[in-house]
């Protein structure tokens, strides 16, 4: 029996521009360890990933749309980055509502690279210590968070478990903390 069997993870993305490894590496890792990962996209069409924000990556079919997903049944929210993905995702009202639901209920959120933009938009970084891609530092500070340059930060200062990392190079640390929170 894998150590995450029965855990339900929701990943939210747009249909274009998500950083390939920030989506696929966590999804595969979590599934390999027994978790059920549901990929919710803005539209019911393939999610086209990018590598380094520019080169075409793998495409993956979403399981549902963000509009149609009920966040109540999930144990963790995964918010991958990719500049285009994150900048577009934070403008999607249903994605903001999902982030608010997780934070408001005290359930964990894991966001990497540009992913924390969704939490800034949702007003859920105030009081938190977190990291991200460096270009978000000012946005995080302006939203009341404390930005640090570390491979992974796990913090509960905003009232819910928040796991953040800077970029795909930090995925091993990011996944270790996600596992720890889910094993909880």
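Treat the range 52-96 as a sphere of radius equal to its Kirkwood radius over Cα pairs and apply Stokes-Einstein at 10 °C in a medium of 1.306 mPa s; give the translational diffusion coefficient in µm²/s, rounded to a whole number. Write out the running numbers ahead of the final one.
Numbers: Rh = 12.5 Å.
So the translational diffusion coefficient is about 127 µm²/s.
Find how many whole Å separate the alpha carbon centroid of the range 22-79 from the alpha carbon centroid of the range 81-96.
Cα centroid of the range 81-96 versus Cα centroid of the range 22-79: 13 Å apart.
Kindly state, to the nearest 0.05, the FRET efficiency for residue 169 paired with residue 72, given R0 = 41 Å and r defined as their beta-carbon distance.
Numbers: r = 34 Å, r/R0 = 0.82.
Efficiency at R0 = 41 Å is approximately 0.75.
Quick check: convex hull over the Cα atoms of the range 34-133, volume per residue in Å³, rounded to an integer?
Details: hull volume 10.8 nm³, N = 100.
Per-residue hull volume (Cα only) is 108 Å³.
Which order do the peptides 160-171, 59-70, 13-24, 139-150 take when ranked by the mean count of other beta-carbon atoms within 10 Å per residue, highest first? Intermediate results must be reported in sequence, preceding the final value.
On the way: 160-171: 21.9, 59-70: 15.5, 13-24: 24.7, 139-150: 17.1.
Going by the mean number of other Cβ atoms within 10 Å, highest first, we get 13-24, 160-171, 139-150, 59-70.
Assuming R0 = 22 Å, can you tell me the calculated FRET efficiency for the pair residue 149 and residue 176, based on Cβ-Cβ distance, to the nearest 0.05?
Numbers: r = 19 Å, r/R0 = 0.84.
Computed FRET efficiency for residue 149 and residue 176: 0.75.
Determine the calculated [θ] at 222 nm for the chain from helices alone, applying -39500 (n - 2.57) to every DSSP H run no shorter than 4 residues and normalising by the residue count; nearest 500 deg cm²/dmol. If you can, show how the numbers build up before the last one.
On the way: 6 runs with 57 residues, N = 184.
It lands at -9000 deg cm²/dmol.
In which sequence would 43, 55, 7 go, from the one with the fewest C-beta neighbours within 10 Å to the one with the most?
Values: 43 13, 55 9, 7 22.
Fewest to most other Cβ atoms nearby, the residues stand as 55, 43, 7.
Which residues in the range 78-112 have a backbone N closer than 18 Å to a point placed 7 Å from the Cα of residue 43 along the Cα-to-Cβ line?
Counting only backbone N, you get 84-95.
With all distinct Cα pairs included, what does the Kirkwood hydrodynamic radius of the chain come out to in Å, to one decimal, could you say? Numbers along the way, then the final one.
Details: mean 1/r = 0.0639 Å⁻¹.
In the chain this quantity evaluates to 15.6 Å.
Only Cα pairs under 8 Å and at least 6 apart count here; give the relative contact order of the chain as a rounded whole percent.
Details: 449 pairs, mean separation 36.3, N = 184.
Rounded, it is 20 percent for the chain.
Any chance you could run the full-extension gain for residue 63 through residue 2? It's 0.36 nm times the residue separation minus the Cα-Cα distance, nm to one decimal. Can you show the working numbers first?
Working: separation 61, 0.36 × 61 = 21.96 nm, distance 2.25 nm.
Length difference between fully extended and current span is 19.7 nm.
The numbers here are math on the coordinates, done by the rules we state, and not lab data. Predicted, not measured: the structure shown is a model, and the values here were computed from it. Counting neighbours? That spans all protein chains shown, and the Cβs are built from the backbone with ideal geometry, glycine included.
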